[in-house]
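Accompanying notes for the structure given below.
The values are calculated or read from the model by the stated rules, or taken from the named source; none is laboratory data. A quick note: this is a predicted structure, and the numbers were derived from the prediction, not measured. Don't worry about glycine lacking a Cβ; one is built from the backbone with ideal geometry, like all the others, and counts go over all protein chains shown. Accessible surface areas use protein heavy atoms only, side chains included; no ligands, DNA or RNA. Shrake-Rupley method; radii C 1.70, N 1.55, O 1.52, S 1.80 Å.
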Amino acid sequence: MTRVLMVCLGNICRSPLAEGILKSKVDRNAVFVDSAGTGAWHSGELPDKRSIAVAKKYGIDLTDQRARLFLVEDFDKFDHIYVMDQSNYKNVCRLAPNDEAINKVQLILNESYPDENLEVPDPYYGGDQGFENVYKMLDEACLKIKNKLENA
């Protein structure tokens, strides 16, 4: 089974959306998807209500998810670690035990825009349209990830 981890700052906006979107696209018997945050402020909480709402609009339920902190052990548990922005990338790589672990980490939008190192903006302090925009970015990236995993 391939294991994929989505990571953002608090694990309540972007990474739960990415987790839910990818889960909706893959064979769950072949791919396990989870998400985590680089900060523990929201550990145990549901995703942001705006993430839940935009996912629901597209037929995806995020209410089974709970925020959790990214752990060093995640490098051993996951094959692919997708981060939402440069800050997440640096924070995750800082915990990496070796180069092999660092090689598992990549910016998720590099799936849609290879080598451009674009970031998924954090919609937390914005309005509902920010969550819609983030959903669309992640949906496109997750489709690319799904296709990559199926062709691996």
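List of remarks:
- Average accessible surface area per residue within the chain, 1.4 Å rolling probe, Å²: 51
- 20 Å Cα-Cα reach of LYS144 towards aspartates and glutamates, excluding residues that sit fewer than 8 places from it in its own chain: GLU19, ASP27, ASP34, ASP79, ASP85, GLU111, ASP115, GLU116, GLU119, GLU132
- Listed residues ASP79, ASP122, ASP64, most fluctuating in the chain (Gaussian network, C-alpha, under 10 Å): ASP64
- FRET efficiency, 1/(1 + (r/R0)^6) with R0 22 Å, evaluated for PHE32 and LEU69 via beta carbons: 0.75
- Helix-only [θ]222 nm of the chain, DSSP H runs n ≥ 4, -39500 (n - 2.57) each, per residue, nearest 500: -12000 deg cm²/dmol
- Cross-link pairs beyond the 23 Å C-alpha cut-off, checked among LYS49/LYS104; LYS23/LYS56; LYS90/LYS136: LYS49/LYS104; LYS90/LYS136
- Accessible carbon and sulfur surface of the chain relative to its total accessible area, %, 1.4 Å: 48
- Unit charges at the beta carbon, dipole of region 48-101: most positive-side option, TYR82, GLN65, ALA101: GLN65
- Compared with the alpha-carbon gap, the fully stretched path from ASP61 to ASN103 is longer by 12.0 nm at 0.36 nm per residue.
- Cα-centred dipole magnitude for region 11-152, charges only on beta-carbon of K, R (+1) and D, E (-1), debye, nearest 20: 340
- Modelled label positions at ALA96 and SER43, each set 7 Å beyond Cα in the direction of Cβ, lie 2.4 nm from each other.
- GluC sites (Glu not before Pro) within region 16-109, DSSP loop, no more than 15 other Cβ atoms inside 10 Å: GLU45, GLU73
- Charge sum, other residues only, whose C-beta stays under 10 Å from ASP122's C-beta, Lys/Arg counted +1 and Asp/Glu -1: -1
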